[in-house]
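In what follows, a structure is listed as C-alpha cells, so that the remarks can point back to it.
The values are calculated or read from the model by the stated rules, or taken from the named source; none is laboratory data. Worth saying up front: this structure is predicted, and the values here are computed from it rather than measured. Heads up, the Cβs are rebuilt from the backbone with ideal geometry, glycines too, and the neighbour counts pull from every protein chain shown. All accessible areas refer to the heavy atoms of the entire protein, side chains included, with ligands and DNA or RNA removed. Shrake-Rupley method; radii C 1.70, N 1.55, O 1.52, S 1.80 Å.
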Amino acid sequence: MNILLTSAGRRTYLVKYFKEALKMAGEPGEVHVANSRVSPAFWAADQKVVTPLIYDREYIPFLLDYCRRWEIGLLIPLFDIDLPVLSSCREAFRAQGTTVVTADRAAVDICNDKWKTYETLKNRQIPIPKTWLSPEDAAGAVKAGAASYPLMVKPRWGMGSLSVYQADSEEELFVFYKKIRREIGGSYLKYEAASSEASVIIQEKIKGGELGLDVINDLQGRFCTAVVKRKAAMRAGETDEAETVDIPRLFGLGRELSELLRHRGNLDVDILEEGGQYYVLEMNARFGGGYPFSHAAGIHLPYALVMWALGREPEERFLRAETGIRAQKDIQMLWWSEKANH
C-alpha cells in the first residue's frame, strides 16, 4: 500500500510514523508527500511531488492521476483549506481505490467555519465562547452587560493564529475588525471567506488554561478513543509542550463529537478551561499539531489507519494512551546540496 500526505509542510514526524506503520503491518509500500512547493517533509518521504495550488482547477485531476499511477491506498490531507476540496471528491478517489481520510463535507464545514462551530455546539448545549458576527453586535452585548472586554477578533475561516487580535476597547474592536478583513483578502484565507461577506468573528475571551483533545474514529466514522492533553507551551498557534491527562468529562465530550461529526481518522479539538467549565474553542478534522503528544503516550493512529485500510483491526494497545506522559517538540535542521542533486 502506498500512502500520500497532502500539504505535508513541516510534518516530517508524520512521514516517519506512516513509514513505521507500514513496517509494523508487514505491508510493502511507500509514503509520498505533496505540497505546492518544496517543503521539509519532502526529504523524509519515499516519494514527493509538487502539485498545483489547492484551489487551482487542475488540483483534483492532478491528484486523481497521481493516485491512480502510484496506486495510492490512503490519501491524508493535513491542511484546513485542503479538507473541503478533497472531502467533496471522496467518491471519485474511492472509485479508483484511494480512501481519503477526512470527514464528509458537511462536517468539514462545521469545523472550518467558526460560526458554524459556534451554532452547532451551542444547539447541542456544548459550552463554547460567546460569538458574534459583527462588531456592532459584540459592542452591543458589552453595553448590555452580556459580555466584557477583552474580546478576541479573528477570521471566521482561520488557522494557525493568523490575524488573531485582542480588542481591549470598542475602538480597538472596530479597528481590528477592519484590519482582519483586509488581511484575509491578502492571504490564502480568502478562498473560503469568499463565500460570505461575514468573514470575521468576535469571541469572548476565556482566561483559563488550554487543553487539546484528539478524537479518533475508524474509517467508517466510528468512535475508537479520545486523548486529553493539558498544554504547557504554545508557539504560533501550535502546541509545543503538553502532558496527557485523565479527565473523564472530556473523554465523554470526545465521544459526543465523534458521534456528531462521524469523521474518519483524527479530530483535533482545542479546549479552554475556566472556573471548572470546559469550552470548545476550535475543531480541525485532521491530524493537528497536538497529535505527536498522543503518539508519545502510546497511540499509533497511522498504524491503525493502515490496518483498517487492509481490512484488519489494530491491536488495542495502539489505541490506548498512557496518562502522565509529558513531551516537548524539538527544532531540527534539514539541509541538502542542489549541486549534489544534479
Karplus-derived 3J(HN,Hα) from phi for segment 113-128 (6.51 cos²θ - 1.76 cosθ + 1.60, θ = phi - 60°), whole Hz, x at Gly and Pro, runs 8, 5, 6, 5, 4, 4, 5, 5, 6, 4, 5, 9, 6, 8, x, 8
Residue-ordered couplings for segment 141-151, obtained by feeding phi - 60° into the Karplus form 6.51 cos²θ - 1.76 cosθ + 1.60 and rounding to whole Hz (Gly and Pro as x), are 5, 5, 5, 7, x, 8, 7, 8, 7, x, 10
A convex hull over the alpha carbons of segment 199-281 yields, per residue, a volume in Å³ of 120
For Lys114, counting only lysines whose alpha-carbon sits under 20 Å away and dropping same-chain residues fewer than eight positions off, the answer is Lys122, Lys130, Lys154, Lys178, Lys179, Lys190, Lys205, Lys207
Rounded to the nearest 10 degrees, the helix 170-185 long axis (Cα) sits at an angle to the longest Cα principal axis of the chain of 30
Once the dipole of segment 119-172 is set up from charges on Cβ (+1 Lys and Arg, -1 Asp and Glu), the residue from the list Gly160, Asn123, Ala144 lying farthest towards its positive end is Asn123
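Can you tell me which of 137-143, 266-272 comes out highest on packing, and rank the rest after it, using the mean Cβ neighbours within 10 Å? Before the final figure, lay out the partial values.
Values: 137-143: 16.4, 266-272: 23.1.
Answer by packing, highest mean first, reads 266-272, 137-143.
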Row for segment 109-159, column shape: gyration tensor on C-alpha, a ≥ b ≥ c, rounded if a/c < 1.5 i.e. under 1.5, prolate if a/b over b/c, else oblate; value oblate
Summing -39500 (n - 2.57) over every DSSP H run of at least 4 in the chain, dividing by its residue total and rounding to the nearest 500, the 222 nm mean residue ellipticity is -9500 deg cm²/dmol
Treating only Lys and Arg (+1) and Asp and Glu (-1) as charged, each at its beta carbon, one finds that the chain has a dipole about its Cα centre, in Debye to the nearest 20, of 320
Sorted by chain and number, the residues with a modelled amide H under 5 Å from that of Ser36, at a separation of 5 or more or across chains, are Thr51
Helix 59-70: inclination vs the chain longest Cα principal axis, degrees, rounded to 10, gives 30
Whole-percent carbon and sulfur contribution to the accessible surface of the chain (1.4 Å, no ligands, DNA or RNA) stands at 48
The rounded separation in angstrom of the Cα centers of segment 140-200 and segment 2-17 is 32
Longest principal axis of the chain (C-alpha) makes with the long axis of helix 248-261 (C-alpha) an angle, in degrees to the nearest 10, of 70
For the chain, averaging the sequence separation of alpha carbon pairs under 8 Å that lie six or more residues apart and dividing by its residue count, the contact order in percent is 16
Given (1) 28, 25, 19; (2) 34, 24, 19; (3) 46, 21, 18 as possible values of semi-axes √(5λ) of the Cα gyration tensor in Å, the one from the coordinates is (2)
In debye to the nearest 20, the charge dipole size for segment 270-342, taken about the Cα centre with +1 at each Lys and Arg Cβ and -1 at each Asp and Glu Cβ, equals 320
Under 5 Å from the placed amide H of Leu281, counting only residues 5+ away or on other chains, we find Asp270, Ile271, Leu272
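Rounded to the nearest whole Å², what accessible area per residue is found for segment 78-125 with the 1.4 Å probe?
Working: 1980 Å² over 48 residues.
Here the residues of segment 78-125 average 41 Å² of exposed surface.
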At q = 0.12, 0.15, 0.20 Å⁻¹, the log10 of I(q)/I(0) for segment 258-316 from a Debye sum over equal Cα scatterers comes to -0.38, -0.57, -0.90
Treating only Lys and Arg (+1) and Asp and Glu (-1) as charged, each at its beta carbon, one finds that segment 184-342 has a dipole about its Cα centre, in Debye to the nearest 20, of 220
Heavy-atom accessible area per residue of segment 142-201, all protein chains kept, 1.4 Å probe, expressed in Å², is 52
With the 1.4 Å probe rolled over protein heavy atoms, segment 237-342 has an accessible area per residue in Å² of 51
Bridge orientation stat for the chain from DSSP, antiparallel percent rounded to 5, came to 75
Trypsin sites (Lys or Arg not before Pro) in segment 1-93 lying in a DSSP loop, each with at most 10 other Cβ atoms within 10 Å of its Cβ, come to Arg37, Arg57
